[in-house]
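A.B. asks: Can you read through this structure? Questions will come right after.
The values are calculated or read from the model by the stated rules, or taken from the named source; none is laboratory data. For clarity, every value in this text was computed on a predicted model and none was experimentally measured. No Cβ is skipped: glycine too gets one built from the backbone with ideal geometry, and neighbour counts run over all protein chains shown. In case anyone asks, the SASA skips ligands and DNA or RNA and just uses the protein heavy atoms, side chains included. Shrake-Rupley method; radii C 1.70, N 1.55, O 1.52, S 1.80 Å.
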Amino acid sequence: MAIKLLDNMDERNDPPRPLLEHLMALRDMLIFGAVAWTICAIIAAVASPYILTWLKSPAAASEDMLQGLDLTSGFTTAMSISLWGGTAIAFPFIVYALLRFIFPALTKREKVILLSILLFGTGFFLVGVGVAYAKTLPVVVSAFQTINSWVGLPVTTIRIEGYISIVLKTIIAFGLVFQLPLIIFVLGWFGIVSSKALKEKRRISIVCCFFISMFLTPPDPMSQLMMAIPLCLLYEVAIWAVWLKEKSSRSE
C-alpha cells in the first residue's frame, strides 16, 4: 500500500462526492470518534489503579505522603485519569477517523506529507512526555519539598488530587511544546517563515520560550528551566530543518 501511495504523487485516486455523502462521512467520523473516546475512557477508568501507580512513581521518596483526604478523593482521581487517559488512548482512533474523512480530498503527495507530520508529531509528543516523566517531575517534587523545608513548613501529607493535577499538566504541557520544531518546519515548508527570519528572531524566541515555560510549568525555577532549555534547543533544530528544506528546494 505504501508503494501504491507513492505512485503518481499528484493524482487523486478518489472521485468527487456529492454534499450529502460528505455530510454522512462527517457524521460517521464524529460517531466513530465519540464511541472510541467513550470506550477508551472506560478502559482508563477500569485501569485507574495501575495508571495511578505509574503517575505516583515520580514522587519517589514522597510517595508514602500521597493521601486522599476527602471521601470523594478516589472517585475524583479515577475521573481525572479516565478523562485524560481516555483522550490519550483514543487519540490514534480519532486521528484515523479524521484521516478517513479528509483523505479523499488530498493528492497522494499531500497524504504522504500529512502522514509524515502525524508520525513525527506523535514521536515528538512521546519524547516530551518521557522528558517530563523521567526528568522533570522528580525534580519538581524535590524542589517543592526543599522549598517547604526552607520556609519551615515540612509537608507530611500531600493531597492526591493536587499531585495528580501537577503531574498531568506537566506531562501534557511538555508533550505539546515539543511540537514546536514540527510546527515551525511546516510553516517553513509552505514558505510562511524562512530560516533567515528565524535566525534574526532568535533572541526574541528565547525570551518567548522562557515566558511560555513560566506559564506551563509548576511555579519553581527548576521545572521552568527544564522546559525552556529544551524549547530553545528545539527552536535551533527547527531552524536547521527549514534551512535544509530551502536548500533542497533551490537545488531542484
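A.B. asks: In segment 190-252, which helices (runs of 4 or more DSSP H) lie fully inside it and hold 2 or more residues that are out of contact with any Leu (no Cβ under 6 Å at 6 or more places or on another chain), within 25 Å of VAL131 (Cβ to Cβ) and free of Cβ contacts under 8 Å to residues at least 24 places away in the same chain?
C.D. replies: 202-216, 221-251
A.B. asks: When both residues are 6+ apart or on different chains and their Cβ atoms are under 9 Å apart, which pairs have a first residue that lies in segment 24-41 and is closer than 23 Å to ILE81 by Cα, and a second that is open to solvent by 80 Å² or more (accessible area, probe 1.4 Å) and charged (D, E, K, R)?
C.D. replies: The qualifying pairs are PHE32/ARG100.
A.B. asks: Looking at (1) open to solvent by 50 Å² or more (accessible area, probe 1.4 Å); (2) out of contact with any Gly (no Cβ under 8 Å at 6 or more places or on another chain); (3) modelled with pLDDT of 85 or more; (4) closer than 19 Å to PRO58 by Cα, which is the one condition that is false for LEU126?
C.D. replies: (2)
A.B. asks: For the structure I just gave you, tell me whether ILE166 is open to solvent by 50 Å² or more (accessible area, probe 1.4 Å), among the hydrophobic types (A, V, I, L, M, F, W, C), touching an Asp or Glu at 6+ places or on another chain (Cβ under 8 Å) and more than 17 Å from ILE229 (Cβ to Cβ).
C.D. replies: no
A.B. asks: Please give the number of the condition SER142 fails out of (1) open to solvent by 40 Å² or more (accessible area, probe 1.4 Å); (2) farther than 20 Å from PRO221 by Cβ.
C.D. replies: Status for SER142: all satisfied but (2).
A.B. asks: Only one of these conditions is not met by ARG109: (1) under 19 Å from LEU187 (Cβ atoms); (2) within 16 Å of the chain's Cα centre (by Cα). Which number is it?
C.D. replies: Result: ARG109 fails condition (2) only.
A.B. asks: Given PHE101, PHE120, which one is surrounded by 13 or more Cβ atoms within 10 Å (Cβ to Cβ), at pLDDT 80 or above, part of a helix (DSSP H, G or I) and not β-branched (Val, Ile, Thr)?
C.D. replies: Going through PHE101, PHE120 in turn, the sole match is PHE120.
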